[in-house]
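Remarks on the structure that follows.
None of the figures in this text is laboratory data; all of them are computed from the coordinates on show. Everything numeric in this text was worked out from a predicted model, so none of it was measured. All Cβ positions, glycine included, derive from the backbone under ideal geometry; neighbour counts span all protein chains shown.
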Amino acid sequence: MTTRVQPLIEIDGVSKIFATSDGQPTWALQNVSLDVEPGEMVCVVGPSGCGKTTLLNLIAGFIDVTDGAIRLQGEAIKEPGPDRGVVFQEYALFAWLTARQNIEFGMRMRGLPKAERRTRADEYLKLIGLERAAERYPHELSGGMRQRIAVARALVNEPRVLLMDEPFAAVDAMTRATLQSELLRIWQQLKLAVFFITHNVEEAIYLSQRTILMSPHPGQVQEIIPIDLPYPRDRGSPEFGVLYARITAALHSQDSKVVHEESSQ
Ligand SMILES: Nc1ncnc2c1ncn2[C@@H]1O[C@H](COP(=O)(O)OP(=O)(O)O)[C@@H](O)[C@H]1O
Ligand SMILES: [Mg+2]
């Protein structure tokens, strides 16, 4: 008999309905089911409004499900916790704190002694290659450096999963490629799970072991695509191109669905 490893995150028939000021409830997610395994790298792609951020906020414990359940190592998620690190697209650092103080912030809130905070912050500054920027304020850092600090701040609590919401969308293309490679290095080194939201199909194929394709109105999982290419991946390889064409075509088929729905109303 084979014993199945318990998933790290179980998303089990989850729906989320938002009340809106015009009285029309929004089905942000409908009956979404998905598991994330320990140490797995998962990317979620889909057009604006398909519920990606809502799904991440539910896993993070920032908001509650309307129906269904989300469990982390078998326990229902009720609130945010240090077992889940979150990285947003931008504006995530405290402007009045230095890079090191930003990384120390969560540990300070949890009452860790100063010396330990400092040692751990320095360890993660080293991991992201920014030891020399420890005393700088966010406005003195480039966009790429700011996102590295945001990643270090999320990692310093030693989470089981890193939840990332389009974290590299605001940086230039070259910086983005560097940050992607660094994320893969950190993921392989720390062996944590990563739940990574992106608009960018190439990014999803470059990073993920599985790409979750979502569709809108209401937000649902359309397809789960295994990405079985060895790391590091070659964006120019034929296999990469085949996956890119397939996922892009699936996204475009959603456009025609939306047009069809609108014209039949
Ligand atoms: N707090 C909220 N109140 C009302 N509607 C919301 C709220 N958050 C998200 N929505 C709606 O839920 C749907 C999914 O949004 P979101 O999760 O942000 O999508 P994505 O991140 O994929 O762009 C959208 O229609 C959005 O307008
Ligand atoms: Mg979003």
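Results, tabulated for the structure shown:
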| read-out | value |
| --- | --- |
| All helices (runs of 4 or more DSSP H) inside region 122-207 with 3 or more residues being surrounded by fewer than 19 Cβ atoms within 10 Å (Cβ to Cβ) and either over 15 Å from the mean Cα position of the chain (by Cα) or without any contact (Cβ under 8 Å) to a residue 12 or more places away in the chain (or both) | 173-190 |
| Candidate set from region 158-177 (those that are farther than 20 Å from Val36 by Cα and not small (Gly, Ala, Ser)); member that is nearest to ligand 1 (Cβ to nearest atom) | Phe168 |
| Unmet criterion (only one of (1) more than 15 Å from ligand 1 (Cβ to nearest atom); (2) more than 14 Å from Phe195 (Cα to Cα)) for Glu40 | (2) |
| Meets criteria (within 15 Å of ligand 1 (Cβ to nearest atom) and in contact with a helix residue (DSSP H, G or I) (Cβ under 8 Å, 6 or more places away or on another chain)) for Pro47 | yes |
| Gly144 being of a type outside the set (D, E, K, R), out of contact with any Asp or Glu (no Cβ under 7 Å at 6 or more places or on another chain) and closer than 24 Å to Glu10 by Cβ | no |
| Ala69, sole failed condition from (1) away from ligand 1 (no atom under 12 Å from the Cβ); (2) in contact (Cβ under 8 Å) with a residue 40 or more places away in the chain; (3) in contact with a Pro (Cβ under 8 Å, 6 or more places away or on another chain) | (3) |
| Gly46 being away from ligand 2 (no atom under 16 Å from the Cβ) and more than 17 Å from Arg160 (Cα to Cα) | no |
